[in-house]
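Okay, structure first, notes after.
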Amino acid sequence: MQTGALVSLALYFVGMLAIGFYAWRKSTDSSEGYLLGGRNLHPAVAALSAGASDMSGWLLLGLPGALYAAGLVEVWIGIGLFAGALVNWIVVAPRLREQTERMGNALTIPEFLANRFPDKALALRVISAIIIVLFFAVYTAAGLVGGGKLFETSFAGLFGNTGMSDYMTGIWLTAGVVLAYTMVGGFLAVSLTDFVQGCIMVVALVLMPIVVLTNDGGISAVSTQLNAIDPNFLSLTAGLSFIGFLSAVTWGLGYFGQPHIIVRFMAIRSIPDVAKARTIGMSWMGVALFGAIGVGITGRAYVEMNGLVLDDPETIFILLANTLFHPLITGFLLAALLAAIMSTISSQLLVSSSSLTEDFYRLFLRKNASEWETVNVGRLFVALVALVAIYIARDPDSKVLGLVSNAWAGFGAAFGPLILLSLTWKRMTGAGAVSGLVVGAGVVILWIAMGWNKEFLGSPGVYEIIPGFAAALAAIVGVSLAGEKTATA
């Protein structure tokens, strides 16, 4: 079985590397080409790239695992995400595309904020860069954990007694291929590979629940089995508290502040293309979420009906791929999982690299650096951030959903209110922008450190994005209005 699956995976890896080489030949001779693909992305590429870089291994590991363990009540996370993504495409995408080009042709989010608020340009660029690198190191580690779990579950013992666990082998192999095409091809390689990976992901997510239902006797048989496990397993509200509901649906607030997603908006070839990209992207996301839900729900029924044992719910997709399909198809499905993981990792590495290059290296060390030098320094930073993420991901007991939720909240609270108001509220000030960044990130870090995301005042925990987003929003509005009153006094 392993041979057939490895053949499919090998073909997938070769394909991704070929795209990286193509992108290297196409547009890596300038910072704009390497970091934004020359602002010339086709709407379909931009849409699937945003979706694939958004969903990551969470879509095939974290969400199905949560549904497998707790039932349909976990679907509120997906509902909140869909609503947040839609508002993001409607409100943020067209404005960010127009304003980043008009305001100094900004290539990164920190650079846009600096151009938008020139009186606080230095503080915004430095603080933004620190937050981006800090949270992306954790976020990238979550993806690498997924890669490690894939190889640990599917190819145990394949590499023999090499002194390295299957888990770490998976991490290094995943990181190595991503590094190769990201360092070589830059933003265009990341976006084109994301497009291909997005197509692979959605096919796999549609295919797997259908096959499981076919093997388990259809929807009726699956429902009967799940009701036998727990009569409330298919309920959207059973056991759901108000705080639990808020903590789930407010995942959608995070979209406005995810640099690796909103940077795609900056690269779409024209503002009219944003609407086309929105239609494609939201259609892809709806199908993908339904598929992920189907994997978790039908997977639980399959495991129970066939007397199987699953120690880690987050590996249900891998178990079904290994159990139900021909080895070559299994390899395709595992490639879909790797696609989800790698598409996000590559986007995060590139955004981290671009921020370190544009908002640190060129700002403090080499203001007159040539385009050639800047692009190659960016490649070096890609590798450095990847090494930090590998170090964080080395614990095989790490939970993908937990790591993603922390990083998602950090970005959502720090950048979400800031991006929304900077694009739509003319009275916002530079001091307000700085306060929003610091307060949003600070509250999230404090909330996690105090454990209030797990237990709060004797009740279930409150997701850290709720207090972080609210505090950042209040800080921006309060400081901006206070500064306005001071100026007119």
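The values are calculated or read from the model by the stated rules, or taken from the named source; none is laboratory data. The model shown is predicted, which means the values in this text are computed figures rather than measured ones. When we count neighbours, we look across all protein chains shown, and the Cβ atoms used for this are built from the backbone with ideal geometry, even at glycine. These accessible areas exclude ligands, DNA and RNA; they are computed on the full protein's heavy atoms, side chains included. Shrake-Rupley method; radii C 1.70, N 1.55, O 1.52, S 1.80 Å.
Below is a table of values for the structure above.
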| item | result |
| --- | --- |
| Unmet requirement for Ser346, which otherwise passes all of (1) part of a loop (DSSP other than H, G, I, E, B); (2) open to solvent by less than 10 Å² (accessible area, probe 1.4 Å) | (1) |
| Positions within the range 90-144 being over 24 Å from Trp58 (Cα atoms) and aromatic (Phe, Trp, Tyr), in sequence order | Phe112, Phe117 |
| Flag for Leu387 being assigned to a helix (DSSP H, G or I) and over 22 Å from Ile200 (Cβ atoms) | yes |
| Residue identified as modelled with pLDDT of 85 or more, outside any helix (DSSP H, G or I) and surrounded by fewer than 20 Cβ atoms within 10 Å (Cβ to Cβ) among Ser270, Ser283 | Ser270 |
| Residue within the range 3-24 that is touching an Asp or Glu at 6+ places or on another chain (Cβ under 6 Å) and either among the hydrophobic types (A, V, I, L, M, F, W, C) or at pLDDT 75 or above (or both) present | no |
| Residue within the range 126-135 that is assigned to a helix (DSSP H, G or I), more than 14 Å from Asp359 (Cβ to Cβ) and in contact with a helix residue (DSSP H, G or I) (Cβ under 7 Å, 6 or more places away or on another chain) present | yes |
| Among the residues listed as Gly57, Gly38, the single one being open to solvent by less than 20 Å² (accessible area, probe 1.4 Å) and either modelled with pLDDT under 80 or of a type outside the set (A, V, I, L, M, F, W, C) (or both) | Gly57 |
| Of all residues in the range 124-147 being open to solvent by 40 Å² or more (accessible area, probe 1.4 Å) and farther than 15 Å from Ala386 by Cα, the one that is farthest from the chain's Cα centre (by Cα) | Val126 |
| Identity of the residue in the range 169-210, out of contact with any Phe, Trp or Tyr (no Cβ under 8 Å at 6 or more places or on another chain) and small (Gly, Ala, Ser), that ends up farthest from Leu63 (Cα to Cα) | Ala180 |
| Residue within the range 240-253 that is within 21 Å of Ile341 (Cα to Cα) and out of contact with any Asp or Glu (no Cβ under 6 Å at 6 or more places or on another chain) present | yes |
| Residue match in the range 304-314 (condition: open to solvent by 40 Å² or more (accessible area, probe 1.4 Å), polar (S, T, N, Q) and more than 26 Å from Ile390 (Cβ to Cβ)) | yes |
| Qualifying residue in the range 406-421 (condition: more than 27 Å from Leu113 (Cα to Cα) and either open to solvent by less than 10 Å² (accessible area, probe 1.4 Å) or in contact with a helix residue (DSSP H, G or I) (Cβ under 9 Å, 6 or more places away or on another chain) (or both)) | no |
| Tally, over the range 422-472, of residues that are of a type in the set (Asp, Glu) and surrounded by fewer than 23 Cβ atoms within 10 Å (Cβ to Cβ) | 1 |
| In the range 302-315, the residues that are modelled with pLDDT under 85 and within 14 Å of Ala292 (Cα to Cα) | Glu314, Thr315 |
| Check on Leu423, of a type outside the set (Phe, Trp, Tyr), in contact (Cβ under 8 Å) with a residue 12 or more places away in the chain and part of a helix (DSSP H, G or I) | yes |
| Any chance Phe364 is aromatic (Phe, Trp, Tyr), open to solvent by less than 20 Å² (accessible area, probe 1.4 Å) and under 17 Å from Arg125 (Cα atoms) | no |
| Residue in the range 98-107 that is within 23 Å of Ala409 (Cα to Cα), open to solvent by 20 Å² or more (accessible area, probe 1.4 Å) and of a type in the set (Asp, Glu) present | no |
| Any hit, the range 245-252, residues being under 30 Å from Ala93 (Cα atoms) and open to solvent by less than 10 Å² (accessible area, probe 1.4 Å) | yes |
| Selection count, the range 68-86, where residues are touching a helix residue (DSSP H, G or I) at 6+ places or on another chain (Cβ under 6 Å) and not in a helix (DSSP H, G or I) | 0 |
| Only one of Ile329, Ile318 that is at pLDDT 80 or above, buried (at least 24 other Cβ atoms within 10 Å of the Cβ) and assigned to a helix (DSSP H, G or I) | Ile318 |
| Of residues in the range 108-123 being of a type in the set (A, V, I, L, M, F, W, C) and not in a loop (DSSP other than H, G, I, E, B), the one surrounded by the fewest Cβ atoms within 10 Å (Cβ to Cβ) | Leu122 |
| Members of the range 60-77 found to be open to solvent by less than 10 Å² (accessible area, probe 1.4 Å) and either under 13 Å from Trp284 (Cβ atoms) or modelled with pLDDT of 85 or more (or both), listed by number | Leu63, Pro64, Gly65, Leu67, Gly71 |
| Residue within the range 305-318 that is small (Gly, Ala, Ser), without any contact (Cβ under 8 Å) to a residue 40 or more places away in the chain and more than 21 Å from Ala23 (Cα to Cα) present | yes |
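Matching residues to (1) modelled with pLDDT of 95 or more; (2) not in a helix (DSSP H, G or I):
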{"position": "Leu437", "(1), (2)": "no, no"}
{"position": "Val444", "(1), (2)": "no, no"}
{"position": "Ile448", "(1), (2)": "no, no"}
{"position": "Trp452", "(1), (2)": "no, yes"}
{"position": "Tyr463", "(1), (2)": "no, yes"}
{"position": "Ala471", "(1), (2)": "yes, no"}
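Conditions tested, residue by residue: (1) hydrophobic (A, V, I, L, M, F, W, C); (2) more than 30 Å from Thr100 (Cβ to Cβ).
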{"position": "Val263", "(1), (2)": "yes, no"}
{"position": "Ala275", "(1), (2)": "yes, no"}
{"position": "Leu289", "(1), (2)": "yes, no"}
{"position": "Val303", "(1), (2)": "yes, yes"}
{"position": "Leu320", "(1), (2)": "yes, yes"}
{"position": "Pro327", "(1), (2)": "no, yes"}
{"position": "Leu333", "(1), (2)": "yes, yes"}
